[in-house]
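The values are calculated or read from the model by the stated rules, or taken from the named source; none is laboratory data. Quick caveat: nothing in here was measured; it's all calculated off a predicted structure. Cβ coordinates were reconstructed from backbone atoms using ideal geometry, including for glycine residues, and neighbour counts include every protein chain displayed.
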Amino acid sequence: MAARYFALMSGLAYLLVGVLGFIPGLVGMPYAAPELAVGAGFGYLFGLFPINVLHNLVHLGVGVWGLASYPRYESAQTFSKGLAVFYGLLAIMGLIPVLNTTFGLIPIYSHDIWLHAVTALLAGIVGFAVPNNPAAKVEDRIAAGTGTHGQ
């Protein structure tokens with residue numbers, strides 16, 4: 001169950017953040033920052049997190065992925081594992097100056113580094129460390145209408 005709820009909650013959170021990134025009043029004016037090839041929508045969400053239009057689209061995509069993964073335990077666990085790897089790589093890339101703008105496309109430096117690291121850690125715990133839950137698999141079969149005997 002933990003994987004399903006993690007997929008649901010993180011999906012909702014990333015959808016919300018993706019939408020909020022398009023609201024100009026919530027995106028602070030940029031200050032000294034690395035050069036970006038895609039400057040559309042560039043700013044700092046809540047004055048802290050560097051974003052641009054591509055960053056917002058990635059957040060929306062992760063949110064949709066999480067919500068689409070929620071109904072089945074296996075897909076939610078796969079989402080958690082994938083998110084752990086994806087955001088772990090982003091956290092590492094954010095620490096490397098030549099990579100902290102993902103090749104000039106998406107800013108992933110500053111406060112994004114710790115946020116990506118925390119996301120990767122939580123997703124990794126849920127995806128890799130929490131043991132498989134046989135009861136969740138039964139719930140998936142019941143929800144799919146196949147009962148507990150695979151009918």
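Going residue by residue through region 18-25, is there one that turns out to be over 17 Å from LEU83 (Cα atoms), in a loop (DSSP other than H, G, I, E, B) and small (Gly, Ala, Ser)?
Looking only at region 18-25, we keep the residues that are over 17 Å from LEU83 (Cα atoms), and these are 19-25.
Imposing the further condition that a residue be in a loop (DSSP other than H, G, I, E, B) reduces the set to 21-23.
Filter again for small (Gly, Ala, Ser), leaving 21.
Yes, some residue in region 18-25 is over 17 Å from LEU83 (Cα atoms), in a loop (DSSP other than H, G, I, E, B) and small (Gly, Ala, Ser).
State whether one or more residues within region 22-34 are in contact with a Ser or Thr (Cβ under 8 Å, 6 or more places away or on another chain) and surrounded by fewer than 20 Cβ atoms within 10 Å (Cβ to Cβ). Taking every residue of region 22-34 in turn, at least one turns out to be in contact with a Ser or Thr (Cβ under 8 Å, 6 or more places away or on another chain) and surrounded by fewer than 20 Cβ atoms within 10 Å (Cβ to Cβ).
Would you be able to tell me the number of residues in region 103-114 that are under 21 Å from ALA37 (Cβ atoms) and surrounded by fewer than 17 Cβ atoms within 10 Å (Cβ to Cβ)? Residues that pass the stated criteria total 4. Of VAL85, VAL64, VAL38, all but one fail to be within 29 Å of MET1 (Cα to Cα), among the hydrophobic types (A, V, I, L, M, F, W, C) and touching a Leu at 6+ places or on another chain (Cβ under 9 Å); the exception is VAL64.
Residues ALA68, ALA117, ALA91, ALA123: which one is more than 14 Å from ALA13 (Cβ to Cβ), surrounded by 18 or more Cβ atoms within 10 Å (Cβ to Cβ) and at pLDDT 95 or above? Give the derivation first.
Details: ALA68 fails: surrounded by 18 or more Cβ atoms within 10 Å (Cβ to Cβ); ALA117 fails: surrounded by 18 or more Cβ atoms within 10 Å (Cβ to Cβ); ALA123 fails: more than 14 Å from ALA13 (Cβ to Cβ).
The conditions single out ALA91.
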